[in-house]
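The values are calculated or read from the model by the stated rules, or taken from the named source; none is laboratory data. The shown structure was predicted, so the numbers you read here are calculated from the model rather than taken from an experiment. All Cβ positions, even for glycine, are placed from backbone atoms using ideal geometry, and neighbour counts span all protein chains on display. What goes into the accessible areas is simple: the full protein's heavy atoms, side chains included, and nothing from ligands, DNA or RNA. Shrake-Rupley method; radii C 1.70, N 1.55, O 1.52, S 1.80 Å.
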Amino acid sequence: MLNINLHHLTVISAIEKEGSMTRAAEKLYISQSALSHHVQELEKKIGAKVFERRSKKLYLTQIGKKMTNSAAVVLAELQKLGQEIQSLKTCESGTINISTECYTTYNWFPRLIRKFNQVYPLVTVQIMEGATRGPLPYLQNGTLDIALVSKLTKQQLNDNPSFKYTPVFQDELVVIISKENPLSKHRLIYPKDFREQSLIVYDIEDKNNDLIQNVLKPNNAEPARVIKMPLTEVIIEVEGVMIHVLRENERTL
């Protein structure tokens, strides 16, 4: 690897752009002798001439042209990097990766994004749907910036002070039920009301189901049967099919 540094690239780029050692030295706010020293040091390190003088003018050698072309790319990328870092430091641009524990909790998302983009138009908010089932590991490995969860977890977040829980809102637990079900006449549904009922829930383990773990089990209110489905839309459709089947069997939901 060439043992050259950023200052060497800045020097030869300035000389090539200004066309003379004097103007390049003025541009870089250094003496002409210091500039000459940097050029000599560079040529010694690479073992080749970068400039040659003809008729009192400086001309790039073939190697010099190659180096100035590369210098232009490197210096431009560094300038771009500096601008991006500054934007990230001031939160003017970047990407925020977010996920929740449930696909159906994004109804608030479009309104929030519209307001957020009015303040931070260069920041992109991206949903990481692959982290929905268990967002905390993704938060720990840096894939996620924000994880919306439904409850506190016993899992330690690496004791990292940058991780913290912040209450956002409370959401009421509701039951979707057929209007032909006798429970539809009730203003409130209690855990005991789930006995003798067919309960359709998401296809997740019981230990991860808040309704089963936090409501039904503590109240010894086990449903007649539990049917697991992967999506909300499927659950709603299957509910209608079940009503028809149960009617034929002369059973009541």
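Which one is modelled with the lowest pLDDT, of the residues in segment 163-200 that are of a type in the set (D, E, K, R) and in a loop (DSSP other than H, G, I, E, B)? Lay out the reasoning, then the answer.
Going residue by residue through segment 163-200, those that are of a type in the set (D, E, K, R) are 164, 171-172, 179-180, 185, 187, 192-193, 195-196.
Add one more test, that the residue is in a loop (DSSP other than H, G, I, E, B), and what stays is 164, 171-172, 179-180, 187, 196.
Values: 164: 76, 171: 72, 172: 77, 179: 81, 180: 81, 187: 87, 196: 84.
The selected residue is 171.
Residues that are outside any loop (DSSP other than H, G, I, E, B), surrounded by 13 or more Cβ atoms within 10 Å (Cβ to Cβ), modelled with pLDDT of 80 or more and of a type outside the set (A, V, I, L, M, F, W, C) do not occur anywhere in segment 143-158. In the set 139, 88, only one residue is surrounded by 11 or more Cβ atoms within 10 Å (Cβ to Cβ) and at pLDDT 75 or above; that residue is 139. There is no residue in segment 214-223 that is at pLDDT below 80, surrounded by 13 or more Cβ atoms within 10 Å (Cβ to Cβ) and within 21 Å of residue 100 (Cα to Cα). In segment 92-99 there is no residue that is part of a helix (DSSP H, G or I), modelled with pLDDT under 85 and within 43 Å of the chain's Cα centre (by Cα).
Considering only residues that are out of contact with any Gly (no Cβ under 9 Å at 6 or more places or on another chain), in contact (Cβ under 8 Å) with a residue 24 or more places away in the chain and either assigned to a loop (DSSP other than H, G, I, E, B) or among the β-branched types (Val, Ile, Thr) (or both), which ones fall in segment 36-64? Break it down into steps so the answer makes sense when it comes.
The first filter runs over segment 36-64 and keeps only residues out of contact with any Gly (no Cβ under 9 Å at 6 or more places or on another chain), leaving 36-47, 53-56, 59-64.
Applying the additional criterion that residues be in contact (Cβ under 8 Å) with a residue 24 or more places away in the chain yields 38-39, 41-42, 45-46, 60, 64.
Across segment 36-64, the qualifying residues are 39, 46.
Among the residues of segment 52-69, those identified as open to solvent by less than 90 Å² (accessible area, probe 1.4 Å), modelled with pLDDT of 85 or more and within 12 Å of residue 16 (Cβ to Cβ) are 60, 61, 64, 67, 68. Residues considered: 44, 27, 49. Of these, the only one that is open to solvent by 70 Å² or more (accessible area, probe 1.4 Å) and farther than 16 Å from residue 64 by Cα is 27. Looking across segment 171-211 at every residue that is under 19 Å from residue 233 (Cβ atoms) and of a type in the set (Val, Ile, Thr), the one that is surrounded by the fewest Cβ atoms within 10 Å (Cβ to Cβ) is identified as 174.
Contact annotation: residue pairs with Cβ atoms under 7 Å, 6 or more positions apart or on different chains, pairing a residue in segment 65-86 that is closer than 19 Å to residue 46 by Cα with a partner that is at pLDDT 85 or above and β-branched (Val, Ile, Thr), are 67/12; 67/50; 68/12; 71/12.
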